[in-house]
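Okay, structure first, notes after.
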Amino acid sequence: MGPPDDIRLSFNEVADVYDRVRPSYPAAVFDALFEMLSPEPEIVEVGPGTGQATKDLLARGASVHAIEIGSAMAARLRSNLPSDRLRVTVGDFEAVRIAPGTADAVFSAAAYHWISREAQTDRPAAVLRTGGIVAIVNLIQVDSPEDAGFFAASQPIYERYGQGHTGPPAPSRENADPPIRKVLEADRRFSAVAVRRYDWNQTYSAADYGQLMLSYSVTQMMEESDRLPLLDEMEAFVRSDFGGVVTRPLVVTLTTATLM
């Protein structure tokens, strides 16, 4: 079977791997968010995956309507977090019907880039109550000596398989700037746009780093004849040249804005 037609469904192929290797988020993210919300808020979560952030929303008393496009991901989310305060809908956030003006927050962690530019503000403007919060979490890889030079050294391997880095270089920690900030600042329906930043490095064994790569949509969209050699070569490289350990230097950002 080849890759899915819709890249967003590629995660569906590796729901168990995704659940095992994708990171959670700093507790401080949720502390900051819930300071902005009333007790027991109604939250619409966009692209929850298998619950990496959902568990923290529920733990702080929220009722969550989680909208996940992948049926296998949604099934894993339900099994991970059985709760009468969690409603899971399989569908596209841009198309799923949500009653207008009923949510206290629209939240998304490492998934909002899959939403079209227009819908990133139009949908929250429609479903939030006046004074409701848009809260978008981004996981940004930064340029830091904490990776021991791994990401620069590994680029030739990625390039051999057509997966070399494109776009601007990784920012420094202090310059990590989530794209959603400018989107929200440009929309007059929202005010009080703010970005909070948290250092959140993640360290992986050679095998786990290969599994992390496997959980990425770009890897899943590769032909298997290229994907498997890439993963094997990268794992061998980590073992031979980096002592079997990779550190991803990361900054987690929480971008919030208020619907006027």
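The values are calculated or read from the model by the stated rules, or taken from the named source; none is laboratory data. Note that the coordinates shown come from a computational prediction; the quantities given were computed from them, not determined experimentally. Counting neighbours? That spans all protein chains shown, and the Cβs are built from the backbone with ideal geometry, glycine included. Ligands, DNA and RNA are excluded from the accessible area calculation, which covers all protein heavy atoms including side chains. Shrake-Rupley method; radii C 1.70, N 1.55, O 1.52, S 1.80 Å.
At a glance:
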item: List Met222, Met260, ordered by accessible area with a 1.4 Å probe, largest first; result: Met260, Met222
item: Environment charge of Ser79, counting only residues whose C-beta is closer than 14 Å and scoring Lys/Arg +1, Asp/Glu -1; result: +1
item: Axial C-alpha extent at least 24 Å, average Kyte-Doolittle at least -1.0 - helices from the chain (DSSP); result: 224-241
item: Cα lying deepest toward the dipole's positive end in region 115-260, options Gln211, Leu128, Phe237, charges on Cβ; result: Leu128
item: Most fluctuating residue given options Asn175, Asn201, Asn12, as computed from a GNM of the chain linking Cα atoms under 10 Å; result: Asn175
item: Heavy atoms of Tyr216 accessible to a 1.4 Å probe, total area in Å² rounded to 10; result: 60
item: Per-residue [θ]222 nm for the chain (sum of -39500 (n - 2.57) over DSSP H runs n ≥ 4, rounded to 500); result: -9500 deg cm²/dmol
item: Highest-MSF residue in the chain out of Ile98, Ile140, Ile69 [GNM, Cα springs under 10 Å]; result: Ile98
item: Accessible-area value, Arg160, 1.4 Å probe, nucleic acids and ligands omitted, Å²; result: 150
item: Cα gyration tensor, region 48-148 - rounded (a/c under 1.5), prolate or oblate; result: oblate
item: Cα shape, region 45-103, gyration tensor, a/c 1.5 rule; result: oblate
item: Region 109-164 shape via C-alpha gyration tensor axes, a/c threshold 1.5; result: oblate
item: Top of Asp208, Asp84, Asp177 by mean-square fluctuation, Gaussian network on the chain, Cα under 10 Å; result: Asp84
item: Where labels lie 7 Å past Cα in the beta-carbon direction, separation of Ala75 and Ser240 in nm; result: 3.9
item: Accessible-area order (highest first, 1.4 angstrom probe) of the listed residues Lys55, Lys182; result: Lys182, Lys55
item: Candidate residues Glu174, Glu146: accessible-area rank, largest first, probe 1.4 Å; result: Glu174, Glu146
item: Label-point gap, in nm, between Arg87 and Arg160 - each point 7 angstrom along Cα→Cβ; result: 5.1
item: Debye, to nearest 20: dipole size of region 1-138, +1 on Lys, Arg Cβ, -1 on Asp, Glu Cβ; result: 160
item: Cα-centred dipole magnitude for region 120-189, charges only on beta-carbon of K, R (+1) and D, E (-1), debye, nearest 20; result: 440
item: Segment Asn201-Glu35, length gained on full extension (0.36 nm per residue, minus Cα span); result: 57.3 nm
